[in-house]
Amino acid sequence: MKTLWDVFSNAIVGSLQWTWKSILFEVPWYTNYFWGLILISLLIWGLEILFPWRKNQSVFRTDFWLDGFYMFFNFFAFSIVISGVYGIVAALFNTLGIHIDSFSLLPVSTLPQWSQLLIFFVLLDFVQWCTHILLHKYPFLWQFHKIHHSVKEMGFAAHLRYHWMENIFYKPLKTLAVMILGGFEPEQAYIVHFIAITIGHINHSNIKISWGPLKYVLNNPVMHLYHHAYELPQGKFGVNFGISLSFWDYIFKTDYIPEESGNVTLGFKGDEEIPSGFWKQITFGIGKSKPKDI
């Protein structure tokens, strides 16, 4: 019988091996998140260089290298470690008779492939939209989310600058979404993940894209820039919470785009408290740090 240590170590080793195989091109190219992330990043960065929205912003903007490090830390290094923890949690739930299909509400495995992917994409995005609101609304959660909002110049790599604690909050709710789908994740789910990464990079980039009429469906750099704005509408704890899709904000009246010049001061009241170094940032909000008003 496997011990919890076996579950923990096997999950970490499995994640580590997959990442290493990805680096060595020993996994199918269409599931290679390591090189896929690099390729998407280079493409979006290239567009930033060729078609900059804020033309006075440097190619190597403020905190460019810090955010680049965050991309690989959050997407790979931390995800490898946390995989062991979630392996233990899953094992404990199994002992209680709670399985991945225990809360099935939308069994979609019999639907056409395109509809499986669409439902998977929309449901995951809604769960992340709800989680994003919680990160802004509650001081304990906002204390960690501040790291993402400490960005002072927007660029593609700012997409993955966030405190590792956010993974702790997002992952269980994403898992719940999969459970609602009957424990089912489409075989082609990598398509959804790559699309989400690309949209996230674009939304944080120094490119002006608003998608025309599609702006009411897809999140975009113009909309997301105001999510990071220092000055918020009176009485609001945040606006434009969309991750990949914008229509949640339009449906629930959390949308806000007063103009489209791109000349917006970013950050939040009290953002001078955020340390500049990586190690101090990833320990921010833990221990003696006390939440302040948003």
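A short reminder: the numbers here are calculations on the coordinates, not readings from a lab. The shown structure was predicted, so the numbers you read here are calculated from the model rather than taken from an experiment. Counting neighbours? That spans all protein chains shown, and the Cβs are built from the backbone with ideal geometry, glycine included.
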- request: Just grab the label-to-label distance for Q113 and E259, each label 7 Å out from Cα along the Cβ direction, in nm (one decimal).
  value: 4.8
query: To the nearest µm²/s, what D does Stokes-Einstein give for the chain at 37 °C and 0.692 mPa s, using the Kirkwood radius over alpha carbon pairs as Rh?
result: 162
statement: Residue by residue through region 137-145, the couplings from Karplus 6.51 cos²θ - 1.76 cosθ + 1.60 with θ = phi - 60°, in Hz, x for Gly and Pro, are 7, 9, x, 4, 6, 4, 4, 7, 5
- line: Mean separation of Cα contacts under 8 Å (at least 6 apart) over the residue count of the chain, i.e. the relative contact order in percent, is 22
- request: Please turn the phi angles of region 220-227 into ³J(HN,Hα) values with the Karplus equation 6.51 cos²θ - 1.76 cosθ + 1.60 (θ = phi - 60°), one per residue in order, whole Hz, x for glycine and proline.
  value: 7, x, 5, 5, 6, 4, 6, 5
statement: Descending packing, highest mean Cβ count within 10 Å first, for 275-283, 199-207, 217-225, 42-50 is 199-207, 217-225, 42-50, 275-283
task: Hand me the GluC sites (Glu not before Pro) from region 222-275 located in a DSSP loop with no more than 16 other Cβ atoms within 10 Å, in residue order please.
output: E231, E259, E260
message: Can you give me the long-range amide H partners of D255? Hydrogens built in the peptide plane at 1.01 Å from N, cutoff under 5 Å, separation of 5 or more residues or another chain.
response: N240
task: Report the residue, chosen from G155, G267, G235, that carries the largest GNM mean-square fluctuation when the chain is represented by alpha-carbon nodes joined by springs under 10 Å.
output: G235
- prompt: For the chain, what does -39500 (n - 2.57) per DSSP helix run (n ≥ 4), summed and divided by total residues, give at 222 nm, in deg cm²/dmol to the nearest 500?
  reply: -16000 deg cm²/dmol
query: So how strong a dipole does region 4-282 carry about its Cα centre when Lys and Arg Cβ are +1 and Asp and Glu Cβ are -1, to the nearest 20 debye?
result: 300
task: Once you've got the Cα coordinates, tell me which of K152/K208; K236/K269; K174/K208; K171/K253; K55/K253 are over 21 Å apart.
output: K174/K208; K171/K253; K55/K253
- prompt: In whole Hz, what ³J(HN,Hα) sequence does region 32-43 give by Karplus (6.51, -1.76, 1.60; θ = phi - 60°), x for Gly and Pro?
  reply: 8, 6, 5, 6, x, 4, 5, 4, 4, 4, 5, 5
Centre separation in Å (Cα based) which lies between region 115-181 and region 220-248: 14
- request: Would you kindly state how much longer the chain becomes between L134 and N10 on full extension, computed as 0.36 nm times their sequence separation minus their alpha carbon distance, in nm to one decimal?
  value: 41.4 nm
- prompt: Toward the positive end of the charge dipole of the chain, about the Cα centre and with charges on Cβ (Lys, Arg +1; Asp, Glu -1), which of I286, M223, I197 goes farthest?
  reply: I286
